[in-house]
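Chemist: Below is a structure I'd like to ask you about.
Every read-out reported here was derived from the displayed coordinates using simple, explicitly stated rules and does not represent laboratory data. Worth saying up front: this structure is predicted, and the values here are computed from it rather than measured. For neighbour counting, all protein chains shown are included, and Cβ atoms are generated from backbone atoms with ideal geometry for every residue, glycine included.
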Amino acid sequence: MNTIKYMLCALHDAGFTDGEIFRRTGIPQPTVTRLRNGQHFDTSYIYGKKIEALFNEQRGENKAAKNGRQQKAPVIDLAGSRGA
């Protein structure tokens with residue numbers, strides 16, 4: 001299990017600033033900073049889930065990039081394949 005501090009440090013190492021984490025999660029930047037620096041050990045469940053979601057999103061993007069995969073948009077047949 002990943003701790004909040006671990007996830008925030010990993011996001012920071014991936015190039016996320018505390019301000020960017022605030023913009024993506026809505027968690028106040030000072031709170032993000034205190035949690036990441038270990039100055040604040042307890043946080044709400046909601047904040048924890050938001051950090052976890054961003055961490056998992058970033059981890060998924062990193063895995064896809066390492067595998068050389070890019071997500072492709074679905075192909076929509078606008079001409080229709082009903083047959084003539």
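Chemist: Among rounded, prolate and oblate, which fits the stretch 17-62 when a ≥ b ≥ c are the square roots of the eigenvalues of its C-alpha gyration tensor, a/c under 1.5 means rounded, and a/b larger than b/c means prolate? Don't skip to the end; give the middle numbers.
Modeler: Details: a/c = 1.77, a/b = 1.49, b/c = 1.19.
Judged from the Cα gyration tensor, the stretch 17-62 comes out prolate (a/c at least 1.5, a/b above b/c).
Chemist: How high is the FRET efficiency between Thr3 and Glu57 when r is their beta carbon distance and R₀ equals 22 Å, given to the nearest 0.05?
Modeler: E between Thr3 and Glu57, to the nearest 0.05, is 0.80.
Chemist: How much length is gained if the chain between Phe41 and Glu20 is pulled fully straight, taking 0.36 nm per residue apart and subtracting their Cα-Cα distance, in nm to one decimal?
Modeler: Between Phe41 and Glu20, full extension yields an extra 5.5 nm.
Chemist: So between His12 and Lys49, what do we pick up on full extension, going 0.36 nm a residue minus the alpha carbon distance?
Modeler: Details: separation 37, 0.36 × 37 = 13.32 nm, distance 1.72 nm.
Taking 0.36 nm per residue and subtracting the Cα distance, the gain is 11.6 nm.
Chemist: Could you give the dipole magnitude of the stretch 4-43 about its Cα centre, charging the beta-carbon of Lys and Arg +1 and that of Asp and Glu -1, in debye to the nearest 20?
Modeler: Computed about the Cα centre, the dipole is about 40 debye.
Chemist: A follow-up question, please. Excluding Val32 itself, calculate the net charge of residues whose Cβ lies under 12 Å from the Cβ of Val32, where each Lys or Arg counts +1 and each Asp or Glu counts -1.
Modeler: On the way: positive: Lys5, Arg23, Arg24, Arg34, Arg36, Lys50; negative: Asp18, Glu20.
Overall, the nearby charge balance is +4.
Chemist: Would you work out which of Ser44, Ile21, Val32 lies farthest towards the positive end of the dipole of the stretch 11-62? Charges go on Cβ: Lys and Arg +1, Asp and Glu -1.
Modeler: Among Ser44, Ile21, Val32, the one farthest towards the positive end of the dipole of the stretch 11-62 is Ser44.
Chemist: A further question on this structure: In a shell of Cβ-Cβ distance under 10 Å around Phe41, excluding Phe41 itself, what net charge do Lys and Arg (+1) and Asp and Glu (-1) give? Mind showing how you got there, number by number?
Modeler: On the way: positive: Lys5, Arg34; negative: Asp42.
My count for the surroundings of Phe41 gives +1.
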